[in-house]
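Asks: I am attaching a structure below and will ask some questions about it afterwards.
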Amino acid sequence: MQISTADFKIKVIGKWLKQHGASRDRPATVGIGISLDEIERVNRRQAMPYEIPVYPLLDHDPPLRRHDCAGIIARAKLPVPPKSACWFCPLKTPRGWGEMRRDRPSLFHSACDLETLLNARRSTLGRDPVWLTRYNRPLAEAIPEAQQTLPGLDLEPGDGLCDNSSCFT
């Protein structure tokens, strides 16, 4: 069974909206927190009949990027939340995996254990292995140990598109 953003966000919020009066005739205005860094996600999001999506970060003048939002939050002396993503997200950048290995080693090892379990089960079924990075090898081998930064490994901007249910989770 595929578990995704749709299951934990979109469906839950939709159920709440409908329970509180949102309908096709009386749609709720729903703020979607997509920043300029991920503007391509706007076209992928399908509006539900009971909602009118708005994009306040994009409607801001000028449109806001993720780091702009973090700056606003920090200036308000509030804790800056981390980017949301599954701890085993295969769209995480190598830099993100390296930071997890360095800063949250038990979580990194859990991801390695999950990858090992998946591949043991796939092997039993006669299937090829799958990897959580693009390096076609186990996570523990692909991500160097105990580095402060991983220069040259985070070639793509951002952490992928894990908020739009595009991965296998």
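Asks: Count the lysine pairs in the range 1-140 whose Cα atoms lie under 26 Å apart, taking only pairs 8 or more positions apart in sequence or on different chains.
Replies: Value for the range 1-140: 7.
Asks: So, with a 1.4 angstrom probe, what is the percent of accessible area on the range 1-133 that is carbon and sulfur? Don't jump to the answer; show the numbers that get you there.
Replies: Values: 5190 of 9070 Å².
Carbon-and-sulfur percentage of accessible area, whole number: 57.
Asks: Moving on. Give me, ordered by chain and number, the residues 5 or more places off GLU51 or on other chains with an amide H under 5 Å from its own placed amide H.
Replies: So GLU51 has HN proximity to ALA28.
Asks: Could you tell me what fraction of 2.2 N^0.38 Å the Cα radius of gyration of the range 29-150 comes to, as a two-decimal ratio?
Replies: So the Cα radius of gyration is 1.37 times the expected 2.2 N^0.38 Å.
The values are calculated or read from the model by the stated rules, or taken from the named source; none is laboratory data. Because the structure is predicted, anything quoted here is derived from the model rather than measured. We work out accessible area using only protein heavy atoms, side chains counted, and drop any ligands, DNA or RNA first. Shrake-Rupley method; radii C 1.70, N 1.55, O 1.52, S 1.80 Å.
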